[in-house]
Amino acid sequence: MAPERHAEPVFPRIFVVRDTHVMLDSDLAEIYGVTTGNFNKAVARNAGRFPAEFSFVLTRKEFADLIFQIGRSRGHGGRRKLPWAFTEHGAIMAATILNSERAVAMSVYVVRAFVKMRQELLANATLEARLQAIEKTLLRHDGALRDVIQKLRPLLMPPPDPPRPRIGFP
């Protein structure tokens, strides 16, 4: 299977948990072509390769929030244990412990998905900075326009009626 063909489905599987972009163990297992149980067993056998900055177990609240956010059902079966979350480095490390051609091939496109997300976040940050600069400029112009309007308003008013001469006897 060509990794490029599957690159798009990975992007929506990247979530933000604890201010970090992560993928869940079940999603990585599916991508790498193994069951979630076997994936987690391989990770447990190689626990030394997964420091806290590579992977962590979600809390019940984080998992409940994530289920609500992504809309996964709690239908048939479900999870008996809280899921593991893997950062970009953890996802790559997981591919190295699985020792399958598919895992190696898919790790490339997982990396591409993380890179794409990072590029989009950078583009959003750049765009936000430009919008803030434009807003500052508009606020300055807004103040200057108010001053001009206040100075023009008296000039735009019709001139007062000239005093009329009194008719009659004083």
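Overview of results
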| read-out | value |
| --- | --- |
| Yes/no for Ala52 being open to solvent by 60 Å² or more (accessible area, probe 1.4 Å), free of Cβ contacts under 8 Å to residues at least 24 places away in the same chain and part of a helix (DSSP H, G or I) | no |
| Test: residue in segment 115-134 that is touching a helix residue (DSSP H, G or I) at 6+ places or on another chain (Cβ under 7 Å), surrounded by 10 or more Cβ atoms within 10 Å (Cβ to Cβ), at pLDDT below 80 and closer than 30 Å to Phe86 by Cα | yes |
| For Thr59: the one exception among (1) out of contact with any strand residue (DSSP E or B) (no Cβ under 8 Å at 6 or more places or on another chain); (2) modelled with pLDDT under 85; (3) open to solvent by 40 Å² or more (accessible area, probe 1.4 Å) | (2) |
| Residue ID - most open to solvent (accessible area, probe 1.4 Å), chosen from residues in segment 135-170 that are assigned to a loop (DSSP other than H, G, I, E, B) and hydrophobic (A, V, I, L, M, F, W, C) | Phe169 |
| Which numbered condition Ser107 fails, given (1) of a type in the set (Ser, Thr, Tyr); (2) more than 26 Å from the chain's Cα centre (by Cα); (3) modelled with pLDDT under 80 | (2) |
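The values are calculated or read from the model by the stated rules, or taken from the named source; none is laboratory data. These numbers were taken from a predicted model, which means no experiment stands behind them. A quick note on method: Cβ atoms are made from the backbone with ideal geometry, for glycine too, and the neighbour counts reach across all protein chains shown. Note: areas computed on protein heavy atoms with side chains; ligands, DNA, RNA excluded. Shrake-Rupley method; radii C 1.70, N 1.55, O 1.52, S 1.80 Å.
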